[in-house]
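Step one of this worksheet: look at the structure below.
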Amino acid sequence: MMGVGGAAASLGCGSEGGTSPTTTDGTSGTTGGSAASCAVAPTETIGPYPSLANFVRSDIREGKSGAPLTLTITVVNANNSCSPVANAAVDIWQCDAGGNYSEYSQPGYNGTGLTFLRGIQVSDSSGRVTFTTVFPGWYAGRATHIHVQVKVNNAVVKITQIAFPESVIAAVYGSGVYAAKGQNPTSNSGDMVFRDNLASELATVTGGDPTTGYTATFTVGISI
């Protein structure tokens, strides 16, 4: 873990290049999918628990248990035919299997001084960053989600959230460390954030099962 400035001089500096990645889900065996057309991602609330520090790392687990999840996020410029944006700082944060966040005191859990399940990566020439994490848990009133913030030239250009397919959520929450808490009563369609833009905020998920883990991909369209 280290400060953003110490990680790379170009952390907040965005640039474009390469071939535009596809935003359609045409792969067999996938579940869910990002927006099918080139568009700016919906802007969503930052939520009550954004990161208080910069944790530049790809593996954000810090020993947290849960279904393995490899998450690749691609940042594209919707103003330029969804060309990839390099050198964008992509910050994610999520709750653990029990529905708790690090860094904050919250009802029933004190995460002050802890830093699990938060991280920043800088997008490569294809606009991509990849995080090693666990499938997020849930808490009352919200569908299962991961928060995303994108900075270009040290300025926030997008805050959004990632949803997951209901079939994957059901499988994960019926197993392992998630089973005791059970299923999330708030569906994607009933969620206050996702119900109006779900197609644009749903990750494409592939993989075997909660034991072997999943791979998720998500595209964030920005306007620069």
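Derivation of every value follows stated rules applied to the coordinates shown; laboratory data play no part. Computed from a predicted structure; not experimentally measured. Please note: Cβ atoms are built from the backbone with ideal geometry, for glycine as well, and neighbour counts cover all protein chains shown.
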**Request:** Compute the distance in nm between two label points, each set 7 Å from the Cα along the Cα-to-Cβ direction, one at Thr112 and one at Ser189.
**Result:** 4.3
**Message:** For the pair Thr45/Lys181, report the inter-label distance in nm, with labels modelled 7 Å from Cα in the Cβ direction.
**Reply:** 1.8
**Asked** Can you run phi through the Karplus equation (6.51, -1.76, 1.60; θ = phi - 60°) for the stretch 61-75 and list ³J(HN,Hα) in whole Hz, with x for Gly and Pro?
**Response** 5, 6, x, 5, 7, x, 5, x, 9, 9, 10, 10, 10, 10, 9
**Request:** Please work out the Cα convex hull volume for the stretch 137-224 and give it in Å³ per residue.
**Result:** 114
**Complete:** Full extension between Thr212 and Val156 adds, at 0.36 nm per residue less the Cα distance, a length in nm of 16.7 nm
**Prompt:** Which net charge results when you count Lys and Arg as +1 and Asp and Glu as -1 among the other residues whose beta-carbon is under 13 Å from that of Tyr49?
**Reply:** -1
**Asked** trypsin sites (Lys or Arg not before Pro), restricted to the stretch 137-223: which are DSSP loop and have at most 14 other Cβ atoms within 10 Å?
**Response** Lys181, Arg195
**Request:** Pull up the cross-link candidates among the lysines for Lys181, meaning alpha carbon to alpha carbon under 27 Å and not fewer than 8 places away within one chain.
**Result:** Lys64
**Item:** Cβ-derived FRET efficiency at R0 30 Å, Tyr104 paired with Ser167, nearest 0.05
**Value:** 0.45
**Prompt:** Within a Cβ distance under 13 Å of Arg61, other residues only, what is the Lys/Arg minus Asp/Glu net charge?
**Reply:** 0
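Taking only Cα atoms of the stretch 64-189, what ratio of Rg to Rh do you get with Rh as the Kirkwood inverse-distance radius?
Details: Rg = 15.6 Å, Rh = 15.6 Å.
Value, to two decimals: 1.00.
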**Fill in**
Counting Lys and Arg as +1 and Asp and Glu as -1 over every other residue whose Cβ sits under 15 Å from the Cβ of Gly213, the net charge comes to 0
